[in-house]
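Worksheet for the structure shown next.
The values are calculated or read from the model by the stated rules, or taken from the named source; none is laboratory data. Since we're looking at a predicted model, the values are computed, not measured. No Cβ is skipped: glycine too gets one built from the backbone with ideal geometry, and neighbour counts run over all protein chains shown. We work out accessible area using only protein heavy atoms, side chains counted, and drop any ligands, DNA or RNA first. Shrake-Rupley method; radii C 1.70, N 1.55, O 1.52, S 1.80 Å.
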Amino acid sequence: FGLVVDVMHLSDGNRRPAFTTTLRYPLRDDLSALYVASDLRFREPSAIYWDPSHYSAHSLGMETSRRRDRGVSHMARLLAGVARSTQHAAGHRYAFHGALEGELTYRAGGWDAGLTSWYGRGRDGDYQRWGGSLRVRLGGQ
């Protein structure tokens, strides 16, 4: 079980609280079934970015992972579901959405390095997103 709460304050004075809940059911040591629910709201409408007054999404999927104290670890996640967005003046809109996420990490004595990537589509019509990060951490386990 996991819960993430994030409140973003934007430079135009707008505020966006977001909540994500993840339920994980282990099927094997390296495979789990997932349910992910998310909810976010923008306090004020904006003309320059996507700003639903309410957005909620429900997804089901699978996750495979192998985490090690030393050496190579990995995680891959595939989710699909339905989302509902409410625009400030335009009413409700439903969309199917999906996400693919992955992480590859190498841990050694005193340092680790990781590569993370994600792709998602759906959310509100033809929306797509891709992102990634490279992380190097020195000193630690």
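Working from the Cα coordinates of the stretch 40-141, the gyration tensor eigenvalues give, after taking √(5λ), semi-axes of 35, 16, 10 Å in decreasing order.
Net charge near Ala76, counting Lys/Arg +1 and Asp/Glu -1 over other residues with Cβ under 9 Å of its Cβ?
Numbers: positive: Arg77; negative: Glu63, Glu101, Glu103.
Net charge in that neighbourhood comes out at -2.
Given +1 at the Cβ of Lys and Arg, -1 at the Cβ of Asp and Glu and no other charges, the dipole of the chain around its Cα centre is 240 debye to the nearest 20. In the stretch 4-141, the portion of solvent-accessible area held by carbon and sulfur atoms comes to 58 percent [1.4 Å probe, whole percent, DNA, RNA and ligands not counted].
Assuming charge only on the beta carbon of Lys and Arg (+1) and of Asp and Glu (-1), the dipole of the stretch 67-141 about its Cα centre is about 120 debye to the nearest 20.
Using a/c under 1.5 as the rounded threshold, could you call the stretch 1-70 rounded, prolate or oblate? The axes a ≥ b ≥ c are square roots of the C-alpha gyration tensor eigenvalues, and prolate needs a/b larger than b/c, oblate otherwise. Cα axes put the stretch 1-70 in the prolate bin.
Residues of the stretch 1-95: accessible area per residue at 1.4 Å, in Å²? If you can, show how the numbers build up before the last one.
Numbers: 6070 Å² over 95 residues.
Per-residue accessible area for the stretch 1-95 comes out at 64 Å².
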